[in-house]
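Here is the structure we will look at.
The values are calculated or read from the model by the stated rules, or taken from the named source; none is laboratory data. In this text the structure is predicted, and so the values were computed from the model without any measurement. Here the Cβ positions follow ideal geometry from the backbone for every residue, glycine too, while neighbour counts run over all protein chains shown.
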Amino acid sequence: MTASAIAVARRVVARWEFVLVLLILAAGTWSTTQSRFFLDTENLLDLMKPYVFIGLMALGLALVVIAGEIDISITSTLAVSAVAFADFWDRGLNIWLSCLLGLVVGMGLGAVNGVLIGLLDLPSLAVTLGTLAAYRGLAFVILGGGGAITGFPSDFTRLGLRDLGSTIVPIGLALFLAATAVFAFVLHGTLFGRYVYAIGSNREAARFSGIPVDRVRVTIFAISGLMAAAAGLLYASYFATARADAANVALLDVVAAVVLGGVNIFGGSGTIVGVFLAVVLIAVLRNGMGLANISGEVQSIVIGSLLLGAILVGNLMRAARDRHTGQGFLMRIHERRLQRGKHNRPPRTRPGLGIRPTKGAR
Amino acid sequence: MTAARLSLQTVATAAFRLRELGIAIALLVAIAIFAVQAESFMTVGNWRNISVSVAVVLAVAVGQTMVVLTRNIDLSVGSIVGLSAFISADTLSTHHGLPIAGVAAIAVAVGIACGLFNGLLVTVGRVPAIIATLGTLYIFRGLVHEVSGGTQVLAFELPASFKAFALREVLGIPALAVIAIAVAVLGAAMLRWTHWGRDFYAIGSNPEAARLAGIPVARRVLLAFTISGGLAGLGGFMFAARFAGVSASSGSGFEFDVISAVVIGGVNVFGGVGTVLGAALGALLIAVIENGFTLLKINEFWKTAFQGFAIVTAVTVDALVTRRIQEALRQRRRREARDAARAEASA
């Protein structure tokens, strides 16, 4: 009995999610030294509010990264959706209808990425780098330049600012929790979720096992766009304004949340709980650094270092585990892609079996 | 048989040449349109403007070309430009006696340090280039804010000799453009004739094959990132000279000008294909369009949208053309094998 209890405890401690909880507690403890108001229940619940839009995007991006791709256009999709929504409303449409249209716009932009990547088989990095710029430009074009649309009805702005009913839980946080639950169910509890993992582990094998790879890949990018649009609506609601340059520096936090959350940057593994905890960690850290009067840009040094540190630690652990089967030294992502792609090479079993050039060969 | 295969490879090479020709034609069309539409476009003063704004992008784009050739990417160049511009200009503002070359040396040194950091993350740390340089984009930018502490380096704090430098001309060409041309020629020569320059192409074409062929892949990739950082540092110096002042947000978003110049110029994001000449044409096209839009009073954000669509289009076209050529080569090879087998059977 005790032996199995210890085994269970050991398994819990060995999980990345447990490390994240410890990190959150450490960051929280540091924050209490910065302000005695930190531990207020109200503050603890409220500190998530400005980061809900990060969390929503991180959920969508997690899906994409688990499938072995990347989507860096999400912050621009957010801006287009927010601006399009505001523009629809500004032209006299009902506010909720405008919200719906904003979501459709975001999903459409994501689907464009998906078609280019999934059907034309283009590299997601290059495509979304292009659409990152293209969509940002589009947001400005819709607004006709700079400026902003404001004056949304309070029914809408309370989404980002107010609490749910008579409770002290902010509506934004409740929405994020609900979205997390849905994503956790879809990814861990449905066939579609298994498809996503399968494609991320080995796309070619997934195709041979009859998984509709193309359709799934287009879908995940559409979902990523949809989540960016939802994030855009909450962003507009929280800041009570829709601007074309919205969230233009949020990409770091979103990518950091996904990677810190334990999602393998090369695809194939990761959990939604981890991503959720990483979003909380980033929110607590930024909140604490804000209390300590550290500017947003300097805070980014810490978040950026965490992002790189998380990957480095992951790589170190993996290298220690399979020292003898370690593949080359760079661009695993491309080599994995080659293997998954049309070249159809056998799976990675041999890497580095003494085929390295002898010293002084060159 | 050999002749047939050779001719197909010639076709492949010609396709890539055609790619550069396509950009050149697009450039000429853009110039023609703006020349007709905007009366001040074809003036010496305007072209001096264009040449200076191309210069900064081009210097950085040469380094980016090398990185992209090795099938990597450097997103952090905008922040490196900002960091090196701020540190060098800030040093100059407190040490007026510093020679121009000294200022440039400081900027390049800062850039090399940043590039080395990126390169080590990618090679030793095995962090994918996109994630590594996305992280350092924010880290280096944060450092600029940390170093500056919210202050700026303003024009009046800089010595007159430094401000005169940007206005100096050699044979009617602005000094900054001369620097960029020198960098481009040198970069093109190295990619063409040095063995490590050829290694970049080999690594980008097939990293595994390059490794098996005995190319020290990690060292070459590290070199590419270091050069990219150093040239971004040089770009920072040119940036400071051009605007005679630096703020903490200087150079943010600059990576887009550089990457779109490189990608539009035909440097394939899959690695292994591309030239400095192409990148230069791409940089020129972007600068001309930006300049023309400004003269025609078209909202500058159309430029951002244009760049994005141009990147996506270039990537799509490159991928489709490459695939078509590979397919043709494969079919040709299959046909040759069949013919050879038939000839053997009849013999």
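Rundown of residues vs (1) under 19 Å from A:A247 (Cβ atoms); (2) over 26 Å from the mean Cα position of the chain (by Cα), yes/no style:
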{"residue": "A:G108", "(1), (2)": "yes, no"}
{"residue": "A:V115", "(1), (2)": "no, no"}
{"residue": "A:D121", "(1), (2)": "no, no"}
{"residue": "A:A126", "(1), (2)": "no, no"}
{"residue": "A:A134", "(1), (2)": "yes, no"}
{"residue": "A:F140", "(1), (2)": "yes, no"}
{"residue": "A:T150", "(1), (2)": "yes, yes"}
{"residue": "A:D155", "(1), (2)": "no, yes"}
{"residue": "A:S166", "(1), (2)": "no, yes"}
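To keep it simple, each residue is scored yes or no on (1) touching a Phe, Trp or Tyr at 6+ places or on another chain (Cβ under 9 Å); (2) among the small types (G, A, S).
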{"site": "A:S31", "(1), (2)": "yes, yes"}
{"site": "A:K49", "(1), (2)": "yes, no"}
{"site": "A:G60", "(1), (2)": "yes, yes"}
{"site": "A:E69", "(1), (2)": "yes, no"}
{"site": "A:T77", "(1), (2)": "yes, no"}
{"site": "A:A84", "(1), (2)": "no, yes"}
{"site": "A:W89", "(1), (2)": "yes, no"}
{"site": "A:M107", "(1), (2)": "no, no"}
{"site": "A:G110", "(1), (2)": "yes, yes"}
- Selection from the range B:111-133 of residues of a type in the set (A, V, I, L, M, F, W, C), in contact with a Leu (Cβ under 6 Å, 6 or more places away or on another chain) and either surrounded by fewer than 23 Cβ atoms within 10 Å (Cβ to Cβ) or within 18 Å of B:L231 (Cα to Cα) (or both) yields none
- Query: If B:L28 passes every condition in (1) hydrophobic (A, V, I, L, M, F, W, C); (2) at pLDDT below 90; (3) more than 20 Å from B:G233 (Cβ to Cβ) but one, which one does it miss?
  - Reply: (2)
- Within the range B:28-70, track down each residue that is buried (at least 24 other Cβ atoms within 10 Å of the Cβ) and outside any helix (DSSP H, G or I). B:T70
- Task: Would you mind telling me which numbered condition in (1) within 12 Å of another protein chain (Cβ to nearest Cβ); (2) modelled with pLDDT of 65 or more; (3) under 19 Å from the mean Cα position of the chain (by Cα) A:I333 fails?
- Result: (2)
- Task: Name every residue in the range B:152-188 that is loosely packed, with under 15 Cβ neighbours inside 10 Å, in contact (Cβ under 8 Å) with a residue 60 or more places away in the chain and part of a loop (DSSP other than H, G, I, E, B), in order of residue number.
- Result: B:L154
- Message: It is to be established whether one or more residues within the range A:218-239 are surrounded by fewer than 22 Cβ atoms within 10 Å (Cβ to Cβ), closer than 29 Å to A:G28 by Cα and away from chain B (no Cβ under 14 Å).
- Response: yes
- Message: If the requirement is being more than 10 Å from chain B (Cβ to nearest Cβ) and surrounded by 22 or more Cβ atoms within 10 Å (Cβ to Cβ), which of these qualifies: A:I272, A:I303?
- Response: A:I272
- Within the range A:67-110, which residues are assigned to a loop (DSSP other than H, G, I, E, B) and either surrounded by fewer than 19 Cβ atoms within 10 Å (Cβ to Cβ) or not aliphatic (A, V, I, L, M) (or both)? A:G68, A:E69, A:D71, A:S73, A:R91, A:G92, A:L93, A:N94
- Item | Matching residues in the range A:22-54 - criterion: being free of Cβ contacts under 8 Å to residues at least 12 places away in the same chain and in a loop (DSSP other than H, G, I, E, B) | A:R36, A:F37, A:L39, A:D40
- Total residues in the range A:275-284, condition within 14 Å of chain B (Cβ to nearest Cβ) and more than 15 Å from the chain's Cα centre (by Cα): 0
- Residue count, the range B:136-150 (criterion: assigned to a loop (DSSP other than H, G, I, E, B) and either in contact (Cβ under 8 Å) with a residue 12 or more places away in the chain or in contact with a Leu (Cβ under 8 Å, 6 or more places away or on another chain) (or both)): 1
- Task: Exactly one condition in (1) within 14 Å of chain B (Cβ to nearest Cβ); (2) touching a residue at least 24 places away in the same chain (Cβ under 8 Å) is not met by A:G144; state its number.
- Result: (2)
- Message: Which residue is farthest from the other protein chains (Cβ to nearest Cβ), if the candidates are limited to the range B:314-343 and must be without any contact (Cβ under 8 Å) to a residue 60 or more places away in the chain and touching a Gly at 6+ places or on another chain (Cβ under 8 Å)?
- Response: B:A314
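Does the range B:114-130 contain at least one residue that is at pLDDT 85 or above, under 19 Å from B:L234 (Cβ atoms), more than 14 Å from chain A (Cβ to nearest Cβ) and within 23 Å of the chain's Cα centre (by Cα)?
Let us first name the residues in the range B:114-130 that are at pLDDT 85 or above, namely B:114-130.
Now restrict to residues that are under 19 Å from B:L234 (Cβ atoms): B:114-119.
Still in the list and also more than 14 Å from chain A (Cβ to nearest Cβ): B:115-116.
Now narrow it down to the ones that are within 23 Å of the chain's Cα centre (by Cα): B:115-116.
Yes: one or more hits.
Output the residues belonging to the range A:55-85 that are free of Cβ contacts under 8 Å to residues at least 60 places away in the same chain and within 14 Å of chain B (Cβ to nearest Cβ).
Within the range A:55-85, just A:I70 meets the criteria.
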